[in-house]
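Below is one structure, written out as structure tokens; comments come after it.
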Amino acid sequence: MALKPEPTAPFHSVQYALRVLESVSKHGNGVTDAQISRETGLPSGHLGSLLLTLRREGYVEQISDGAYVVGSSLLLLGSGAARRQALEDRLQLTLSELRDSVGAAVYLSRYVDGEVSVTQVADGPLTPAVNEWVDFRSSAHASAVGKCLLAQLDHDGRRDHISRHRTARLTSRTITDEKILFSQLDAQSATVPVLDLQEYAVGTVCAAVPLTAGSTAGCLALSLPIEDAHRLRSAAETLSRRAAPVLLSLAL
């Protein structure tokens, strides 16, 4: 329903704000101010001030291309399945932005109930995801994702995992010796990305950074074909610097 604010009506009224939020909520991938103006009937001058207020209060956010998306304050007002879906959609958008920023497929993973779980992936034609030729749950010792998650567990937690998922040799670079693996995990700094240099799959290199929300171990990871291995460390550093929005989405 288009609104036509009267000269005497305050353009920051609740009615106008709700119409703007309805417009933004309908467009999960973002909507421009011009489109919002067409859908609500608000003139650009009124809309600009209203969007500024909504951004300041966290009800909408402006993404890299200038479009507007639902903000964290609005997400927190929801509940149940709708809220969970909204949070998942917002998180997927954040991962897609990370994918474009680092030029690589990006993965969000958690360690849940004793298992490695890749919960979301952002890939594309130019940034294909790694071929999961061995289940990630049984290859934690060889993948950047798995090693990053194992590094966040205590010694008993690691031993329990390895007792259930033996360290099989997946490539000539795979570490199968438990003592060597645990020694590397103990030496791994939380501020340094965990690397997988063709340990999981020949032709693919990966990096992962820890991302912990509450008591659950998690991580962000990326993968690159071997011909782009020279970009791995710089891409991993970018991933680490931009992990904050993902951590915020997980904490909501």
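The values are calculated or read from the model by the stated rules, or taken from the named source; none is laboratory data. This one's a predicted model, so the numbers in the text were calculated from it and none came from an experiment. In this analysis, Cβ positions are derived from the backbone assuming ideal geometry, glycine residues included, and neighbour counts consider all displayed protein chains. All accessible areas refer to the heavy atoms of the entire protein, side chains included, with ligands and DNA or RNA removed. Shrake-Rupley method; radii C 1.70, N 1.55, O 1.52, S 1.80 Å.
Look at the alpha carbon pairs under 8 Å that are at least 6 residues apart: their mean separation over the length of the chain gives a relative contact order of 16 percent. For an R0 of 25 angstrom, estimate the FRET efficiency from the Cβ-Cβ distance between Gln35 and Glu88 and round to the nearest 0.05. The value I calculate is 0.60.
Only one residue of Leu224, Gly45, Ser138 has its Cα farthest out toward the positive end of the dipole of the chain, where Lys and Arg carry +1 and Asp and Glu -1 on Cβ, and that residue is Gly45. Using 0.36 nm per residue and subtracting the Cα-Cα separation, the extra length available between Asp160 and Lys26 on full extension is 43.7 nm. Between Ser189 and Ser72, the distance separating the two model label sites (each 7 Å from Cα on the Cα→Cβ line) works out to 2.7 nm. Computed from Cα positions, the angle between helix 155-164 and the longest principal axis of the chain comes to roughly 80 degrees. Estimated at the nearest 10 Å², the accessible area of Lys147 is 10 Å² with a 1.4 Å probe.
What area, in nm² and to one decimal, does the C-alpha convex hull of the chain cast on average over all directions?
Values: hull surface 60.5 nm².
Value for the chain: 15.1 nm².
With all protein chains in place and ligands, DNA and RNA left out, the 1.4 Å accessible area ranks Ile63, Ile36, Ile226 as Ile226, Ile63, Ile36, largest first. Across Phe182, Phe136, the residue with the most accessible area heads the list, and the full order at a 1.4 Å probe is Phe136, Phe182.
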